[in-house]
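Written out below as structure tokens is the structure these notes cover.
The values are calculated or read from the model by the stated rules, or taken from the named source; none is laboratory data. The model shown is predicted, which means the values in this text are computed figures rather than measured ones. Counting neighbours? That spans all protein chains shown, and the Cβs are built from the backbone with ideal geometry, glycine included.
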């Protein structure tokens, strides 16, 4: 049995048949958190900071045991475990939430955000809270929205300048209908895979490349297998920090307020860590021999237009999209 399966099974098993209050008592109020990213990734640092703050503010009564690097499985599994109370906190990419929480689709549409500054402004000025409020319908509490950088294309075959350069290439995408359809419009063969499968997929030539932010490209060491980085900036879709509704219901009102305010404060911690590490990641991959190039963004925007128009037929997505664009 794989280690992550053993851990996940143990977490789920210890909660089977227990009420939320009994579960918290049984665990000594040690809350579990999961992230697929590595130990020093900015979102992992932010959740670790939340745990340190909770422990300090409660004299050790509330603590977080953080499983990073996908120890508890993929993001889809983390979402389900949080919904059913098997874990407490889950940091997941918004694209992984698109099917269950349609409002998150507005955040993942191609070129909805112009820059990191635009994305942060939208998240801080009401759009983020509107998205977070929507998770309560499915057994989750939305706590915070974190950066996920500018997603760009990388591959092992050639530079990408226009959608025509993607023709026939097998490109990994998150398990999200938006990303699958977007890549197909760009001419690529969209291949949904978990993040942990990308490196081996490129090594075995199951895929030609992927798309992600520069920080993840570096920390996952995908630059060792893909030497072309093309700055398409086609998505700034953010990450989301979620808490199990069962855990939330088991907390006292004072602890709920502490958890919520600490999670909100962690956004600045995450952004500082992101800003400090992003340029270092870019320098590192370039020093390793990765070739970087600009793309024809207008060509990519035009290629994605039919999909954008289709999604905006949903009045809720259209309304949120308009709020985001008004803050550009």
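Residues in the stretch 161-189 that are out of contact with any helix residue (DSSP H, G or I) (no Cβ under 6 Å at 6 or more places or on another chain), surrounded by 20 or more Cβ atoms within 10 Å (Cβ to Cβ) and either assigned to a loop (DSSP other than H, G, I, E, B) or not assigned by TED's automatic domain parsing to the domain that holds residue 297 (or both): 169 alone. Selection of the stretch 192-216 for residues being in contact (Cβ under 8 Å) with a residue 60 or more places away in the chain and part of a helix (DSSP H, G or I) yields 195, 196, 214, 215, 216. Here residue 242 fits the description: buried (at least 17 other Cβ atoms within 10 Å of the Cβ), assigned by TED's automatic domain parsing to the domain that holds residue 117 and touching a strand residue (DSSP E or B) at 6+ places or on another chain (Cβ under 7 Å).
With respect to the conditions (1) closer than 17 Å to residue 38 by Cα; (2) not assigned by TED's automatic domain parsing to the domain that holds residue 157, residue 222 falls short on a single one, namely (2). Quick check on the stretch 285-299. Is at least one of its residues touching a helix residue (DSSP H, G or I) at 6+ places or on another chain (Cβ under 7 Å), farther than 23 Å from residue 217 by Cα, assigned to a helix (DSSP H, G or I) and not assigned by TED's automatic domain parsing to the domain that holds residue 40? Looking through the stretch 285-299, at least one residue is touching a helix residue (DSSP H, G or I) at 6+ places or on another chain (Cβ under 7 Å), farther than 23 Å from residue 217 by Cα, assigned to a helix (DSSP H, G or I) and not assigned by TED's automatic domain parsing to the domain that holds residue 40.
Quick one: which of 140, 132 is under 14 Å from residue 240 (Cα atoms), surrounded by fewer than 24 Cβ atoms within 10 Å (Cβ to Cβ), modelled with pLDDT of 95 or more and touching a strand residue (DSSP E or B) at 6+ places or on another chain (Cβ under 8 Å)? Spell out how you get there, then give the answer.
Working: 140 fails: surrounded by fewer than 24 Cβ atoms within 10 Å (Cβ to Cβ).
Going through 140, 132 in turn, just one is under 14 Å from residue 240 (Cα atoms), surrounded by fewer than 24 Cβ atoms within 10 Å (Cβ to Cβ), modelled with pLDDT of 95 or more and touching a strand residue (DSSP E or B) at 6+ places or on another chain (Cβ under 8 Å): 132.
I need a count of the residues in the stretch 245-266 that are touching a strand residue (DSSP E or B) at 6+ places or on another chain (Cβ under 8 Å) and surrounded by 21 or more Cβ atoms within 10 Å (Cβ to Cβ). Before the answer, list the steps.
At the first step, the residues of the stretch 245-266 found to be touching a strand residue (DSSP E or B) at 6+ places or on another chain (Cβ under 8 Å) are 245, 247-248, 259-260, 263-264, 266.
Then keep just the ones that are surrounded by 21 or more Cβ atoms within 10 Å (Cβ to Cβ); that gives 247, 259, 263, 266.
Of the residues in that region, 4 qualify.
Among the residues of the stretch 286-299, is any crowded, with 17+ Cβ neighbours inside 10 Å and over 30 Å from residue 60 (Cβ atoms)?
Start the filter on the stretch 286-299 by keeping residues that are crowded, with 17+ Cβ neighbours inside 10 Å, which leaves 290, 295.
Add one more test, that the residue is over 30 Å from residue 60 (Cβ atoms), and what stays is 290, 295.
Yes: one or more hits.
Within the stretch 87-129, the set of residues being in a helix (DSSP H, G or I), in contact with a strand residue (DSSP E or B) (Cβ under 8 Å, 6 or more places away or on another chain) and within 17 Å of residue 139 (Cβ to Cβ) comprises 97, 104.
Rundown of residues vs (1) more than 16 Å from the chain's Cα centre (by Cα); (2) in the same structural domain as residue 232 (by TED's automatic domain parsing); (3) under 27 Å from residue 88 (Cα atoms), yes/no style:
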{"residue": "109", "(1), (2), (3)": "no, no, no"}
{"residue": "121", "(1), (2), (3)": "yes, no, no"}
{"residue": "126", "(1), (2), (3)": "yes, no, yes"}
{"residue": "133", "(1), (2), (3)": "yes, no, yes"}
{"residue": "136", "(1), (2), (3)": "yes, no, yes"}
{"residue": "142", "(1), (2), (3)": "no, no, yes"}
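Entry remark, the stretch 149-160: residues being within 26 Å of the chain's Cα centre (by Cα) and not in a strand (DSSP E or B) number 5 in total.
Residue-by-condition table, conditions (1) at pLDDT below 95; (2) farther than 20 Å from residue 212 by Cα; (3) part of a helix (DSSP H, G or I):
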position	(1), (2), (3)
1	yes, yes, no
11	yes, yes, yes
43	no, no, yes
48	no, yes, yes
51	no, yes, yes
56	no, yes, yes
82	no, yes, yes
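Restricted to the stretch 58-72, and to residues that are farther than 16 Å from residue 35 by Cα and surrounded by 14 or more Cβ atoms within 10 Å (Cβ to Cβ), which residue is farthest from the chain's Cα centre (by Cα)? For the stretch 58-72, the residue satisfying everything is 58.
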